[in-house]
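Enquirer: Take this structure, written in structure tokens, and hold onto it; I'll ask about it next.
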């Protein structure tokens with residue numbers, strides 16, 4: 001069955017849908033469903049301000065409580081700022097970039113007016129406080145995130161990732177089971193070249209939508225739910241296996257570098273995480289076949305959609321070829337980091353972006369890059385790093401770890417039991433976070449301190465921290481748990497219940513697989 005070009009949604013359409021749907025979803029989640037034409041209630045209009053007031057009240061309460069035993073004034077204020085940040089992040093009273101700027105100002109003022117431990121009777125000063133607030137911008141991890149955003153923009157500008165996705169689906173044929181495999185393969189391959197989960201979703205989701213429409217099925221059919229949920233979950237799975245696939249991985253690596261003095265190389269990360277992602281990709285196929293039974297087993301007209309999609313893209317352009325060569329070279333350099341050369345991931349990626357911006361050699365200009373990159377993501381990332389560093393440097397992370405995890409006796413438990421308990425905590429708290437980057441910023445410093453308190457761990461507990469970072473990337477249960485989920489949810493192809501029907505067993509199996517690998521493979525290769 002043929003379809004017109006209008007049947008193949010583009011990335012701009014999906015991004016607009018994501019924005020609109022996220023607003024509706026967030027409003028429904030917080031305030032309850034509004035009917036068309038119904039005026040928002042007083043609570044609907046003012047609930048964000050109530051949450052902001054509550055966040056400030058909680059922060060000031062902790063700040064002005066009697067001094068906590070064993071914790072400096074700066075440390076107590078750091079905990080207060082963490083509570084403020086968590087409330088703002090979970091409730092999304094304002095957008096993440098705006099709340100991040102608020103956190104920056106609060107750090108500068110509250111830490112600036114804290115007593116200087118080296119000079120009794122004097123304060124640290126707002127210059128010192130501002131330095132602490134801006135410290136995250138000076139890390140190599142932020143440079144890598146900025147470069148990753150630029151690389152994702154280059155992929156979107158040229159359409160190279162969509163061409164790759166179409167070619168993979170061309171070989172999938174029209175059987176739904178094969179298309180399902182094709183969606184998983186696309187998510188896997190793009191994770192190597194596109195360091196943005198949302199950009200990867202923006203490549204595969206519109207193509208799958210076009211195939212659903214071409215078959216004459218409604219978007220909210222079981223077939224639509226099956227294909228779109230599979231794509232979103234596959235993207236989340238490979239956020240774990242590849243270091244450069246997700247910003248939250250770079251948060252963890254930044255803290256590991258700061259505290260332990262070493263960065264986890266791209267191939268080392270791949271060696272640790274890829275087996276989990278490979279096994280979970282296989283599990284995903286069978287879970288989705290069980291969770292959602294499509295109306296048909298063959299998608300007549302699917303090949304035509306792929307053929308028309310490739311025809312619409314036209315012959316491969318010189319820019320696409322140059323980008324493919326540059327991306328391939330970066331992948332080779334990433335994967336040989338620490339073996340064939342001493343270039344780190346950040347330097348490799350920044351060099352690639354510099355080449356992409358050179359006229360005649362590159363694939364886009366600065367004006368295109370400036371308009372396509374979500375710079376707010378970079379602000380959120382950098383200030384999250386600043387907050388995490390503040391928790392570590394002020395002793396707040398160590399204090400918090402002592403009164404929570406150590407009070408539970410985790411430091412004296414067998415390592416596998418500790419991983420099991422902390423991972424459950426990690427999974428549950430993620431249900432309240434829409435950003436794994438924010439969650440990493442809040443939790444990784446605490447996990448680092450916990451790891452350092454566990455006797456006998458090799459590499460000072462780095463492996464334990466990496467495993468918990470993997471669990472932070474679990475975004476399988478709710479659409480709100482990851483931006484790629486929300487982009488998929490914005491298509492209207494599935495309900496929250498359908499997403500959870502697939503997501504809960506994926507989470508359970510993923511958790512058990514973490515424990516299995518912790519007891520076997522990760523010990524064999526020296527991670528634990």
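Enquirer: For region 257-272, state whether one or more residues are crowded, with 17+ Cβ neighbours inside 10 Å and more than 28 Å from residue 331 (Cα to Cα).
Expert: Checked against the condition, which is being crowded, with 17+ Cβ neighbours inside 10 Å and more than 28 Å from residue 331 (Cα to Cα), region 257-272 yields no hits at all.
Enquirer: Further, regarding this structure: In region 46-72, how many are assigned to a helix (DSSP H, G or I) and in contact with a helix residue (DSSP H, G or I) (Cβ under 9 Å, 6 or more places away or on another chain)? If you could, list the steps in order and put the result at the bottom.
Expert: Just the residues of region 46-72 that are assigned to a helix (DSSP H, G or I), to begin with: 46-63.
Adding the requirement that they be in contact with a helix residue (DSSP H, G or I) (Cβ under 9 Å, 6 or more places away or on another chain) leaves 47-48, 50-52, 54-56, 58-63.
Summing the residues that are assigned to a helix (DSSP H, G or I) and in contact with a helix residue (DSSP H, G or I) (Cβ under 9 Å, 6 or more places away or on another chain) in region 46-72 gives 14.
Enquirer: Residues 326, 333, 364: which one is at negative phi, in a loop (DSSP other than H, G, I, E, B) and touching a helix residue (DSSP H, G or I) at 6+ places or on another chain (Cβ under 6 Å)?
Expert: Answer to the check: 364.
Enquirer: Moving on. Going by the structure shown, is residue 487 outside the structural domain of residue 277 (by TED's automatic domain parsing), closer than 21 Å to residue 392 by Cβ, crowded, with 23+ Cβ neighbours inside 10 Å and in contact (Cβ under 8 Å) with a residue 12 or more places away in the chain?
Expert: Values: outside the structural domain of residue 277 (by TED's automatic domain parsing): yes; closer than 21 Å to residue 392 by Cβ: no; crowded, with 23+ Cβ neighbours inside 10 Å: yes; in contact (Cβ under 8 Å) with a residue 12 or more places away in the chain: yes.
Considered against the rule, which asks whether it is outside the structural domain of residue 277 (by TED's automatic domain parsing), closer than 21 Å to residue 392 by Cβ, crowded, with 23+ Cβ neighbours inside 10 Å and in contact (Cβ under 8 Å) with a residue 12 or more places away in the chain, residue 487 comes out as no.
Enquirer: Looking at region 243-271, I want the residues that are without any contact (Cβ under 8 Å) to a residue 40 or more places away in the chain and have a partner that is in a helix (DSSP H, G or I) with Cβ atoms under 7 Å, at least 6 apart or on another chain. Which pairs are those?
Expert: Matching pairs, first to second residue: none at all.
Enquirer: Picking from 527, 471, 509, 465, which residue would you name as being farther than 19 Å from residue 204 by Cβ, outside any helix (DSSP H, G or I) and not assigned by TED's automatic domain parsing to the domain that holds residue 228?
Expert: Exactly one residue qualifies, and that residue is 527.
Enquirer: OK, next. Any idea which of 120, 40 is loosely packed, with under 12 Cβ neighbours inside 10 Å and either closer than 30 Å to residue 496 by Cβ or at pLDDT below 60 (or both)?
Expert: 120
Enquirer: Go through region 267-302 residue by residue and tally those that are assigned to a helix (DSSP H, G or I) and either outside the structural domain of residue 208 (by TED's automatic domain parsing) or under 16 Å from residue 170 (Cβ atoms) (or both).
Expert: Residues flagged as assigned to a helix (DSSP H, G or I) and either outside the structural domain of residue 208 (by TED's automatic domain parsing) or under 16 Å from residue 170 (Cβ atoms) (or both) within region 267-302 amount to 1.
Enquirer: Moving on. When you go through (1) assigned to a helix (DSSP H, G or I); (2) surrounded by 23 or more Cβ atoms within 10 Å (Cβ to Cβ) one by one for residue 476, which number turns out not to apply?
Expert: (1)
Enquirer: Okay, moving on. Inspect region 255-264 for any residue being within 24 Å of residue 483 (Cα to Cα), assigned to a helix (DSSP H, G or I) and in contact with a helix residue (DSSP H, G or I) (Cβ under 8 Å, 6 or more places away or on another chain) and give the result as yes or no.
Expert: yes
Enquirer: Residues of region 307-323 being free of Cβ contacts under 8 Å to residues at least 12 places away in the same chain and in a helix (DSSP H, G or I), which ones? Steps first, please.
Expert: Initially, region 307-323 is screened for residues free of Cβ contacts under 8 Å to residues at least 12 places away in the same chain, giving 311, 314-315, 318, 321.
Scanning region 307-323 gives 311, 318, 321.
Enquirer: Residue by residue through region 315-342, note down the ones that are surrounded by fewer than 14 Cβ atoms within 10 Å (Cβ to Cβ) and farther than 17 Å from residue 364 by Cα. Write out each step before concluding.
Expert: Of all residues in region 315-342, those surrounded by fewer than 14 Cβ atoms within 10 Å (Cβ to Cβ) come to 315, 318, 321, 325, 328, 332, 339-342.
Those that are surrounded by fewer than 14 Cβ atoms within 10 Å (Cβ to Cβ) and farther than 17 Å from residue 364 by Cα: 315, 328, 332, 339, 340, 341, 342.
Enquirer: Something else: If residue 232 satisfies every condition in (1) over 30 Å from residue 145 (Cβ atoms); (2) crowded, with 24+ Cβ neighbours inside 10 Å; (3) at pLDDT 90 or above but one, which is the exception?
Expert: (1)
Enquirer: Among (1) buried (at least 24 other Cβ atoms within 10 Å of the Cβ); (2) over 19 Å from the mean Cα position of the chain (by Cα); (3) under 23 Å from residue 90 (Cα atoms), there is one condition residue 502 misses while meeting the rest; what is its number?
Expert: Here residue 502 clears every test but (3).
Enquirer: Return the only residue of 219, 164 being free of Cβ contacts under 8 Å to residues at least 40 places away in the same chain and in the same structural domain as residue 297 (by TED's automatic domain parsing).
Expert: Every option except 164 fails the conditions.
Enquirer: Scanning for something modelled with pLDDT under 90, in a helix (DSSP H, G or I), outside the structural domain of residue 239 (by TED's automatic domain parsing) and over 30 Å from residue 112 (Cα atoms), does region 430-439 turn up at least one residue?
Expert: Within region 430-439, one or more residues are modelled with pLDDT under 90, in a helix (DSSP H, G or I), outside the structural domain of residue 239 (by TED's automatic domain parsing) and over 30 Å from residue 112 (Cα atoms).
Enquirer: What number of residues within region 490-515 are touching a helix residue (DSSP H, G or I) at 6+ places or on another chain (Cβ under 9 Å) and either more than 30 Å from residue 217 (Cα to Cα) or free of Cβ contacts under 8 Å to residues at least 12 places away in the same chain (or both)?
Expert: Adding up the residues that qualify gives 6.
Enquirer: May I ask you to verify whether residue 180 is surrounded by fewer than 24 Cβ atoms within 10 Å (Cβ to Cβ), in the same structural domain as residue 81 (by TED's automatic domain parsing) and in a helix (DSSP H, G or I)?
Expert: Judged against the criteria, residue 180 is not a match.
Enquirer: Then there is this: Does region 415-422 contain at least one residue that is within 25 Å of residue 84 (Cα to Cα) and either touching a residue at least 12 places away in the same chain (Cβ under 8 Å) or surrounded by 22 or more Cβ atoms within 10 Å (Cβ to Cβ) (or both)? Please lay out each step first, then the result.
Expert: So in region 415-422, the residues within 25 Å of residue 84 (Cα to Cα) come out as 422.
Next cut, either touching a residue at least 12 places away in the same chain (Cβ under 8 Å) or surrounded by 22 or more Cβ atoms within 10 Å (Cβ to Cβ) (or both) only: 422.
Within region 415-422 (the criterion being within 25 Å of residue 84 (Cα to Cα) and either touching a residue at least 12 places away in the same chain (Cβ under 8 Å) or surrounded by 22 or more Cβ atoms within 10 Å (Cβ to Cβ) (or both)), the answer is yes, since at least one residue qualifies.
Enquirer: Further, regarding this structure: Do we have residue 305 as outside the structural domain of residue 171 (by TED's automatic domain parsing) and surrounded by 20 or more Cβ atoms within 10 Å (Cβ to Cβ) here?
Expert: Numbers: outside the structural domain of residue 171 (by TED's automatic domain parsing): no; surrounded by 20 or more Cβ atoms within 10 Å (Cβ to Cβ): yes.
For residue 305, the condition - outside the structural domain of residue 171 (by TED's automatic domain parsing) and surrounded by 20 or more Cβ atoms within 10 Å (Cβ to Cβ) - is not met.
The values are calculated or read from the model by the stated rules, or taken from the named source; none is laboratory data. Quick caveat, the model's predicted, so the values are computed rather than measured. Don't worry about glycine lacking a Cβ; one is built from the backbone with ideal geometry, like all the others, and counts go over all protein chains shown.
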